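K.L.:
Have a look at the structure that comes next, please.
Nothing in this text is a laboratory measurement; each read-out follows from the coordinates by a stated rule. The shown structure was predicted, so the numbers you read here are calculated from the model rather than taken from an experiment. Cβ sites come from the backbone with ideal geometry, for glycine too, and all protein chains shown count toward neighbours.
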Amino acid sequence: MTLSQERILATEIPGPRSRELQARKVAAVSAGVGTTLPVYVEQAGGGVLRDVDGNQLIDFGSGIAVTTVGNAAPRVVEAVQRQVADFTHTCFMVTPYEEYVAVCEKLAQLTPGDHEKRSALFNSGAEAVENAVKVARHHTGRDAIVVFDHAYHGRTNLTMALTAKNMPYKHRFGPFAGEVYRAPMAYPYRWPGGPEACAEEAFDAFVATVHAQVGEDNTAAVLIEPIQGEGGFIVPPPGWLRRVADWCREHGILLIADEVQTGFARTGDWFACDHEGVVPDLMTTAKGMAGGLPLAAVTGRAEVMDSVHVGGLGGTYGGNPVACVAALAAIETMEAEDLPARAREIEKTFLPRLEALAARHPDRVGDVRGRGAMLAIELVSDGAGRTPDAALAGAVHRACSSQGLVTLTCGTFGNVFRFLPPLAIGDDLLAEGLDVFEAAFDAAVSGKVE
């Protein structure tokens with residue numbers, strides 16, 4: 001790796017060349033495409049992003065959980081270069097190629113359950129979710145899809161209907177696709193009866209909602225993120241997901257696990273469902289799957305996936321050969337370097353420091369949660385009052401950015417600070433990034449950040 005693994009502040013952030021490029025962006029790119037940190041990157045790898053001004057930033061975002069194996073993992077780079085020289089596209093639906101088949105074989109091996117499986121490949125997480133819903137409706141002959149509060153499933157019309165958050169995802173983009181119903185999410189920190197009652201009461205509320213508002217016989221699928229992503233890194237209480245899965249099976253309802261953000265070693269298991277031994281009927285994957293190239297998949301029980309008529313699934317670019325070889329190389333890297341174990345090591349580094357921060361600021365850090373290298377703190381303004389504090393989250397983010405740490409926020413209320421470092425990051429950078437974060441947090445709490 002030619003990029004040194006160190007934080008370097010060569011200019012203010014953003015620097016002059018980044019500001020020039022941002023001016024060009026404003027003049028050429030739709031204002032609807034936002035930018036969290038207008039620092040323009042020219043090289044990246046390991047745990048570092050280098051911008052056009054020579055600054056090197058520590059990456060705690062991974063391009064929103066995409067660059068799990070790093071931004072330029074050697075196996076991925078070599079595989080992509082080789083494939084580009086052979087061919088970039090033929091369309092698998094016209095003249096197929098082995099790389100697509102090999103990815104589907106690998107998905108059958110890695111995803112939960114030892115049953116016979118089939119996969120179909122697409123370009124993005126939203127596409128995968130849309131197609132999982134199509135498959136579920138086709139197979140069951142039912143229309144209704146049940147999703148949860150705080151869910152995020154994408155930005156297409158159907159996935160906006162499945163998503164819970166209005167701004168910025170749904171605002172004035174309707175009307176949305178129908179036959180989508182929303183149940184309460186098992187959110188321990190904000191459950192009215194308290195964390196101890198959450199598992200039982202949230203399951204009962206889910207069952208009651210489906211029975212009263214939808215009807216079990218009308219429900220094609222329940223769609224769930226095993227750990228919610230954009231909604232706030234919400235980890236349901238132990239046992240809740242398994243009860244939902246068992247209930248679905250009892251009523252002939254398909255369980256779709258949206259593992260777009262949680263999948264491929266991020267949570268310390270290959271998939272978040274593995275933690276509770278849950279085997280979904282259908283699973284969607286994307287993000288960390290292909291080392292930064294656009295690739296997504298729906299993987300499911302053979303009898304479900306094969307029930308769709310020929311031509312019912314596909315897309316011009318879905319399973320592009322370059323993205324497929326990148327995925328095979330990324331998965332090989334995850335296996336060779338045991339990246340699920342690396343995610344657990346990152347958790348052991350992060351959690352004690354986040355918990356210590358919460359102990360120092362009990363009135364501002366309401367909750368510390370997550371699993372593996374998918375961790376978060378929820379910020380509040382009044383401790384036990386649990387009033388969301390999006391302003392504090394924004395101030396901490398700005399302070400981190402100015403000191404060369406790339407961070408992300410999330411949550412229905414905009415008050416959750418999330419940590420998604422690449423699993424290729426070194427321990428020294430993790431420690432330094434946490435130092436920067438803690439200093440930024442202290443500065444924001446004391447009012448030293450505008």
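K.L.:
Scanning for something surrounded by fewer than 24 Cβ atoms within 10 Å (Cβ to Cβ) and β-branched (Val, Ile, Thr), does region 278-287 turn up at least one residue? Spell out the reasoning first.
P.N.:
So the first thing to find is which residues in region 278-287 are surrounded by fewer than 24 Cβ atoms within 10 Å (Cβ to Cβ), and the list is 278-279.
Those left that are additionally β-branched (Val, Ile, Thr): 278-279.
Yes: one or more hits.
K.L.:
Separate question: So in region 21-38, with the set limited to residues that are exposed (fewer than 10 other Cβ atoms within 10 Å of the Cβ) and not hydrophobic (A, V, I, L, M, F, W, C), which one is nearest to the chain's Cα centre (by Cα)?
P.N.:
Just the residues of region 21-38 that are exposed (fewer than 10 other Cβ atoms within 10 Å of the Cβ), to begin with: 27-28, 30-34.
With not hydrophobic (A, V, I, L, M, F, W, C) added as a condition, the list becomes 30, 32, 34.
Numbers: Ser30: 24, Gly32: 21, Gly34: 18 Å.
That would be Gly34.
K.L.:
What residue, of Val147, Val180, Val210, Val222, is closer than 20 Å to Ala257 by Cα, in contact with a Lys or Arg (Cβ under 9 Å, 6 or more places away or on another chain) and of a type outside the set (Asp, Glu)?
P.N.:
Values: Val180 fails: in contact with a Lys or Arg (Cβ under 9 Å, 6 or more places away or on another chain); Val210 fails: in contact with a Lys or Arg (Cβ under 9 Å, 6 or more places away or on another chain); Val222 fails: in contact with a Lys or Arg (Cβ under 9 Å, 6 or more places away or on another chain).
Within the list Val147, Val180, Val210, Val222, the selection yields Val147.
K.L.:
Name every residue in region 40-64 that is surrounded by 24 or more Cβ atoms within 10 Å (Cβ to Cβ) and out of contact with any Phe, Trp or Tyr (no Cβ under 9 Å at 6 or more places or on another chain), in order of residue number.
P.N.:
Filtering region 40-64 for residues surrounded by 24 or more Cβ atoms within 10 Å (Cβ to Cβ) gives 47-49, 51, 57-60, 62.
Result: Val48, Leu49, Leu57, Ile58, Asp59, Ser62.
K.L.:
How do the pairs read when you match residues in region 44-66 that are farther than 23 Å from Phe271 by Cβ with residues anywhere that are among the charged types (D, E, K, R) and crowded, with 21+ Cβ neighbours inside 10 Å, using Cβ under 8 Å and keeping only pairs 6 or more apart or on different chains?
P.N.:
Once the first residue is farther than 23 Å from Phe271 by Cβ and sits in region 44-66, its partners that are among the charged types (D, E, K, R) and crowded, with 21+ Cβ neighbours inside 10 Å give Ala44/Asp59; Gly47/Asp59; Val48/Asp59; Leu49/Asp59; Leu57/Asp51.
K.L.:
Just name the residue that is surrounded by the fewest Cβ atoms within 10 Å (Cβ to Cβ) out of those in region 336-357 that are of a type in the set (D, E, K, R) and within 20 Å of Asp269 (Cα to Cα). Break it down into steps so the answer makes sense when it comes.
P.N.:
Keep residues of region 336-357 that are of a type in the set (D, E, K, R), which gives 337-338, 342, 344-345, 347-348, 353, 355.
If we keep only those that are within 20 Å of Asp269 (Cα to Cα) as well, we get 337-338, 342, 344-345, 347-348.
Details: Glu337: 16, Asp338: 13, Arg342: 20, Arg344: 17, Glu345: 17, Glu347: 19, Lys348: 9.
Here the answer is Lys348.
K.L.:
Now for a separate question. Using the structure shown, decide if Phe437 is of a type outside the set (Gly, Ala, Ser), in contact with a strand residue (DSSP E or B) (Cβ under 9 Å, 6 or more places away or on another chain), crowded, with 23+ Cβ neighbours inside 10 Å and over 19 Å from Ile234 (Cα atoms). Spell out the reasoning first.
P.N.:
Numbers: of a type outside the set (Gly, Ala, Ser): yes; in contact with a strand residue (DSSP E or B) (Cβ under 9 Å, 6 or more places away or on another chain): yes; crowded, with 23+ Cβ neighbours inside 10 Å: yes; over 19 Å from Ile234 (Cα atoms): yes.
Yes: the conditions hold for Phe437.
K.L.:
Keeping to region 87-112, report how many residues are of a type outside the set (S, T, N, Q) and free of Cβ contacts under 8 Å to residues at least 40 places away in the same chain.
P.N.:
So in region 87-112, the residues of a type outside the set (S, T, N, Q) come out as 87, 89, 91-94, 96-108, 110, 112.
Filter once more, so that each one left must be free of Cβ contacts under 8 Å to residues at least 40 places away in the same chain: 94, 96, 98, 101, 105.
Final tally of qualifying residues: 5.
K.L.:
Just checking, which of Val325, Val304, Val260 is of a type in the set (A, V, I, L, M), touching a helix residue (DSSP H, G or I) at 6+ places or on another chain (Cβ under 7 Å) and within 22 Å of Gly232 (Cα to Cα)? Walk me through how you get there before you give the answer.
P.N.:
Values: Val325 fails: within 22 Å of Gly232 (Cα to Cα); Val304 fails: within 22 Å of Gly232 (Cα to Cα).
Sole residue among the options that is of a type in the set (A, V, I, L, M), touching a helix residue (DSSP H, G or I) at 6+ places or on another chain (Cβ under 7 Å) and within 22 Å of Gly232 (Cα to Cα): Val260.
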